[in-house]
Amino acid sequence: MLDFSGQRILVAGGSSGIGLATAELAAELGADVTIASRSRERVEAACRSCAHGLRGAVLDLADDAAVARFFALDEPWHHIVVTGSQVSMAAVRDLPLSSALDAVDSKFWGFYHVARHARIHSGGSLGVVAGFLSTRPAAGRALMGAINAALESLVRGLALELKPVRVNAVSPAVVDTSMWDSMEPSVREAMFERLRASYPAGCVGQPLDIARQLLLLAATPYATGTIVTLDGGASIA
Ligand SMILES: NC(=O)c1ccc[n+]([C@@H]2O[C@H](COP(=O)([O-])OP(=O)(O)OC[C@H]3O[C@@H](n4cnc5c(N)ncnc54)[C@H](OP(=O)(O)O)[C@@H]3O)[C@@H](O)[C@H]2O)c1
């Protein structure tokens, strides 16, 4: 059983989905947890929804100066998990360039900004959610694959640069979160149904599946430069 008692954990992007599941589980396991994302309303709603108590902060990971100020103001963290990103998925020739740049700003540079400025205790960890598209490309998802591959490579390099802080990533396939809320519900459900049939595990991911793995990596002193592909078998299907 993991025990994070006495440890301060930041989940950057923790107001929904994988981040909120990670924050809730860490709080249940005894951590003093802060979630941070752009919308004060979403942060406050997430804090209210958690039975184990969460602190909240407003932070846009794409804003390097804001990230620097955020970490300058606070004590070092034991663990930081970065799940925040707002990405648009479409084929390269269909996606407006501004949306592509926003996706890179938010998901790649957001994590990079945290890596630049975060103060983390020796032996603590920095984790991020990348994605299995890094190694398993799909038409219409080329940009996401490139961002995820860049993140995974950055994680390996940072594990060398930031030691004794450990740096790891979890790379899921499709997880049932609000990331897919912009799809028309019947289209989204049809996609999930098709994926359940094609993934060897017979299911799409749930936020808690990824949260457990992120916290296991955080709690494992031997884990650094580690990329865990947690994808229901999608990579081998
Ligand atoms: N769901 C999947 O199928 C899947 C698969 C592979 C990888 N992933 C990755 O997993 C991570 C988490 O996604 P999710 O599925 O949990 O999505 P989600 O439910 O949409 O959560 C995204 C979170 O990120 C925050 N956020 C967005 N942009 C931000 C920014 N610039 N600065 C700070 N926070 C920001 C959002 O809150 P605010 O709006 O308040 O900022 C929200 O809390 C993402 O990086 C995603 O690419 C997801």
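Among residues of segment 103-122 that are within 14 Å of Val155 (Cα to Cα) and touching a residue at least 24 places away in the same chain (Cβ under 8 Å), those with a Cβ under 9 angstrom from a residue that is open to solvent by 70 Å² or more (accessible area, probe 1.4 Å) and more than 10 Å from the ligand (Cβ to nearest atom), sequence gap 6+ or separate chain, pair up as Ala115/Glu161. Yes or no: Ile227 of a type in the set (Val, Ile, Thr), in contact (Cβ under 8 Å) with a residue 24 or more places away in the chain and either assigned to a helix (DSSP H, G or I) or at positive phi (or both)? For Ile227, the condition - of a type in the set (Val, Ile, Thr), in contact (Cβ under 8 Å) with a residue 24 or more places away in the chain and either assigned to a helix (DSSP H, G or I) or at positive phi (or both) - is not met. Could you figure out which of (1) over 18 Å from the mean Cα position of the chain (by Cα); (2) farther than 19 Å from Asp209 by Cβ; (3) open to solvent by less than 60 Å² (accessible area, probe 1.4 Å); (4) not polar (S, T, N, Q) isn't true of Arg8? If we test Arg8 against (1) over 18 Å from the mean Cα position of the chain (by Cα); (2) farther than 19 Å from Asp209 by Cβ; (3) open to solvent by less than 60 Å² (accessible area, probe 1.4 Å); (4) not polar (S, T, N, Q), just (1) comes out false.
Open to solvent by less than 30 Å² (accessible area, probe 1.4 Å) and near the ligand (Cβ under 10 Å from one of its atoms) - does that describe any residue in segment 155-167? No: zero hits.
Are any of the residues in segment 175-183 closer than 21 Å to Val87 by Cα and in contact with a Ser or Thr (Cβ under 8 Å, 6 or more places away or on another chain)?
Yes: one or more hits.
Residues that are within 13 Å of Thr226 (Cα to Cα) and outside any loop (DSSP other than H, G, I, E, B) do occur in segment 134-151, at least one of them.
Restricted to segment 40-129, the set of strands (runs of 3 or more DSSP E) holding at least 1 residues that are more than 17 Å from the chain's Cα centre (by Cα), more than 10 Å from the ligand (Cβ to nearest atom) and loosely packed, with under 13 Cβ neighbours inside 10 Å comprises 120-129. Only a single criterion out of (1) out of contact with any Lys or Arg (no Cβ under 9 Å at 6 or more places or on another chain); (2) more than 11 Å from the ligand (Cβ to nearest atom) is not satisfied by Leu214, namely (2). A search for C-beta distances below 6 Å between a residue of segment 125-146 that is within 15 Å of Phe108 (Cβ to Cβ) and in contact (Cβ under 8 Å) with a residue 24 or more places away in the chain and any residue that is away from the ligand (no atom under 11 Å from the Cβ) and part of a loop (DSSP other than H, G, I, E, B), counting only pairs 6+ apart in sequence or on different chains, returns Ala142/Val92.
Scanning segment 177-191 for residues that are more than 10 Å from the ligand (Cβ to nearest atom) and not hydroxyl-bearing (Ser, Thr, Tyr) yields Met183, Glu184, Pro185, Val187, Arg188, Glu189, Ala190, Met191.
When residues in segment 22-39 are screened for being open to solvent by 10 Å² or more (accessible area, probe 1.4 Å), within 10 Å of the ligand (Cβ to nearest atom) and small (Gly, Ala, Ser), 2 of them pass.
The values are calculated or read from the model by the stated rules, or taken from the named source; none is laboratory data. Computed from a predicted model, the values in this text were never measured in an experiment. Neighbour counts run over all protein chains shown; Cβ positions are idealised from the backbone, glycine included. SASA here: full protein model, heavy atoms, side chains in, ligands and nucleic acids out. Shrake-Rupley method; radii C 1.70, N 1.55, O 1.52, S 1.80 Å.
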